[in-house]
Amino acid sequence: MPEITGAEQNRLPDALTPLKLPSDRELVMRVMPMPADANGNGDIFGGWIMAQVDLAGSVLPARIAKGRITTVAVNQFVFKQPVSIGDLLSFYAKVERIGRTSVTVHVEVYAERNPADLHVVKVTEANLTYVAIDPDGKPRLIPKL
Ligand SMILES: CC(C)(COP(=O)(O)OP(=O)(O)OC[C@H]1O[C@@H](n2cnc3c(N)ncnc32)[C@H](O)[C@@H]1OP(=O)(O)O)[C@@H](O)C(=O)NCCC(=O)NCCS
């Protein structure tokens, strides 16, 4: 296999990190939906996307809560664009509020599609709240930062 030259190496970051992915929030998860995740029209099930958003949304609250958390509410969920098999989905999260026992996050999902002419589309946006819980499943205080 031919080696990548210095000039090509310099162009690589731009090619590998398409424009329009956010830089002001944290990339918490990436996943590519497969045919088993699609409905009869070939689009991806909304429920599959919701499950992925729930997982991605939990990453920052789990870090902040330093332990077990549970989802208490999906405050808002918007499917802006359909998701297709083979889209590379990137989940970006931002902490919106840290309460006594809960953490609320905003999650945005971007799809990178069409490798021949790569472009990035925001497909989903959601707002979720997680509660820190003790071994009995009862709310516990968020530790001081
Ligand atoms: C989450 C759970 C432990 C909270 O217990 P609770 O006794 O209702 O707790 P509280 O009323 O004291 O609320 C705890 C926190 O959640 C917040 N909260 C409760 N309901 C909320 C809602 N609908 N939207 C946003 N935040 C909410 C409260 O504001 C509070 O936050 P704060 O302490 O930071 O102010 C309990 O409701 C539970 O076990 N739910 C099931 C969770 C689950 O199984 N999730 C997986 C999906 S099926």
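Taken together, the values in this text are just the output of simple stated rules run on the coordinates, not laboratory data. Computed from a prediction, not measured in an experiment: that's the story for all the values here. Cβ coordinates were reconstructed from backbone atoms using ideal geometry, including for glycine residues, and neighbour counts include every protein chain displayed.
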> Which value, in debye to the nearest 20, describes the size of the charge dipole of the chain about its Cα centre when Lys and Arg Cβ atoms bear +1, Asp and Glu Cβ atoms bear -1, and nothing else is charged?
Replying inline: 800
> How high is the FRET efficiency from Leu118 to Ala73, r the C-beta distance, R0 35 Å, rounded to 0.05?
Replying inline: 0.50
> Taking the chain, how many lysine pairs are there with alpha carbons less than 29 Å apart, if each pair must be eight or more places apart or span two chains?
Replying inline: 11
>> Given R₀ = 41 Å, what would the calculated FRET efficiency be for Leu88 paired with Lys66, taking r from the Cβ atoms and rounding to 0.05?
In response: 0.85
>> Based on alpha-carbon atoms only, what is the radius of gyration of the chain relative to the globular estimate 2.2 N^0.38 Å?
In response: 1.24
> Suppose R0 equals 22 Å; then what is the FRET efficiency for Lys138 and Glu96 from their Cβ-Cβ distance, rounded to the nearest 0.05?
Replying inline: 0.40
> So, in nm, how far is label Ala38 from label Leu145 when the simple model puts each one 7 Å beyond its Cα toward the Cβ?
Replying inline: 4.3
> Using a simple spin-label model with points 7 Å from Cα along the Cα→Cβ vector, what separation in nm is obtained for Ser23 and Leu55?
Replying inline: 2.9
> What ranking, highest mean first, results for peptides 81-94, 127-140 when packing means the other Cβ atoms within 10 Å averaged over each residue?
Replying inline: 81-94, 127-140
